[in-house]
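Every number here is computed from the coordinates shown, using simple stated rules; none is lab data. Keep in mind that what you see is a predicted model, and the values were worked out from it rather than measured. As a convention, Cβ positions derive from the backbone with ideal geometry for all residues, glycine included, and neighbour counts pool all protein chains shown.
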Amino acid sequence: MSVWINGRKRSTLDCRDRGLQYGDGVFETMRVQRRGIRLLDFHLDRLYQGCRRLKIRAPEALLLRRELERIAARRSEGVLKLIVTRGCGPRGYQPPVREQATRIATLHALPAAASADAALAVRLRLCATPLSTNPSLAGLKTLNRLDSVLARSEWTDGRIWEGLMRDVDGNWVCGTMSNLFLRRGTVLMTPLLDHCGVAGVMRRWILERAGGLRLRAVERRIRWKDLESAEEVFMSNAVVGVRSVSAIECARVSGLRFNCSDTAEHLRSLLDEQ
């Protein structure tokens with residue numbers, strides 16, 4: 001792993017940084033492909049939206065883009081993670097009057113999960129840990145990911161690729177690291193993210209292409225009965241792309257099995273052209 005802080009190759013962070021002290025910041029995890037960044041515009045859009053909503057003075061746009069492109073060019077394939085914090089400040093929750101954002105970029109090798117055959121369907125399980133509800137932060141990819149950390153600690157079975165998480169009202173919202181999609185007929189459903197969850201850049205890309213696949217995209221509350229009646233289920237994130245789901249394991253009720261992967265296969269074909 002290589003590390004850059006504020007554009008300089010180093011790995012020492014000031015302990016007063018508010019990202020460390022309070023999780024006061026946002027981040028993006030990006031797929032490096034052919035020495036470029038897949039869906040970079042979408043990542044930057046979300047990053048700057050997050051900074052606006054958190055009232056963080058974001059890095060200058062052209063500087064940040066050039067910096068990310070320069071770092072990505074060091075690998076033909078990999079993962080580039082960008083963290084933007086509010087920077088250093090005095091003790092206490094009140095944001096500093098004169099703030100200067102900290103940007104941390106790390107470049108990693110491509111993980112096995114991302115380099116595996118994308119056409120192979122995966123298995124999911126149901127998580128007991130609920131998502132925290134906060135409409136002010138819904139959709140953002142903030143540094144506070146403790147819900148996902150706790151949920152991911154629930155299993156060690158290597159045959160399970162991902163866990164599904166609910167909100168406090170029992171609606172299925174997302175995976176620990178991915179967004180959820182269900183297709184029934186010509187309707188493509190994905191959970192509404194107005195109370196919790198992260199609006200993934202791959203989720204946005206899929207929703208924008210649904211019409212071209214003659215599908216009607218709908219954002220709505222997802223209940224167990226929706227999963228039971230789905231013809232196809234798949235998950236998405238920026239690094240692994242689109243993964244078809246073959247089964248959802250559940251201890252309390254009968255698990256679900258899915259044989260169709262038509263939509264996911266079409267999306268993967270389109271993604272290969274990016």
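Can you give me the relative contact order of the chain as a percent, contacts being Cα pairs under 8 Å and 6 or more apart?
This gives 18 percent for the chain.
Using θ = phi - 60° and the Karplus form 6.51 cos²θ - 1.76 cosθ + 1.60, what ³J(HN,Hα) does each residue of the range 195-201 get, whole Hz, x for Gly and Pro?
Result, ordered by residue: 10, 6, x, 10, 7, x, 5 Hz.
For the Cα atoms of the chain, what angle does the longest principal axis make with the long axis of helix 262-272, in degrees from 0 to 90, nearest 10?
30
In percent, how large is the relative contact order of the range 97-184, given Cα pairs closer than 8 Å and 6 or more residues apart?
29
Once you list every other residue whose beta carbon is under 12 Å from the beta carbon of Leu256, what net charge do they have if Lys and Arg are +1 and Asp and Glu are -1?
My count for the surroundings of Leu256 gives -1.
Take each of the peptides 71-82, 166-177, average the number of other beta-carbon atoms within 10 Å over its residues, and list them starting from the highest.
Ranked from most to least packed, the peptides come out as 166-177, 71-82.
When DSSP beta bridges are limited to those with both residues in the chain, what percentage is antiparallel, rounded to the nearest 5?
The antiparallel fraction comes to roughly 75 percent.
Using the Karplus curve 6.51 cos²θ - 1.76 cosθ + 1.60 with θ = phi - 60°, what ³J(HN,Hα) values do you get for each residue of the range 12-17, in whole Hz, with x for Gly and Pro?
Working through the residues one at a time gives 9, 10, 4, 5, 7, 4 Hz.
Normalised by the residues of the range 121-246, what does the relative contact order come to in percent, with Cα pairs under 8 Å and at least six apart?
Computed value for the range 121-246: 29 percent relative contact order.
Give the shape of the range 151-273 as rounded, prolate or oblate, defined through the alpha-carbon gyration tensor: a ≥ b ≥ c are the square roots of its eigenvalues, a/c under 1.5 means rounded, and otherwise the shape is prolate if a/b is larger than b/c and oblate if not.
Verdict is rounded for the range 151-273.
How large is the Rg to Rh ratio of the range 116-181 when both quantities use alpha carbon positions and Rh follows Kirkwood?
0.98
How large is the dipole of the range 79-211 about the Cα centre if only Lys and Arg carry +1 and Asp and Glu carry -1, each at its Cβ, rounded to the nearest 20 debye?
Dipole magnitude for the range 79-211 comes out near 280 debye.
Which of rounded, prolate, oblate describes the range 144-198, given a ≥ b ≥ c as roots of the alpha-carbon gyration tensor eigenvalues and a/c under 1.5 marking rounded, otherwise prolate only if a/b is larger than b/c?
oblate
Out of the DSSP beta bridges found with both residues in the range 92-188, what percent are antiparallel (nearest 5)?
Counting DSSP beta bridges with both partners in the range 92-188, the antiparallel share is about 60 percent.
Around Met189, with a cut-off of 14 angstrom between Cβ atoms, what is the net charge of the other residues, counting Lys and Arg +1 and Asp and Glu -1?
Net charge around Met189: +3.
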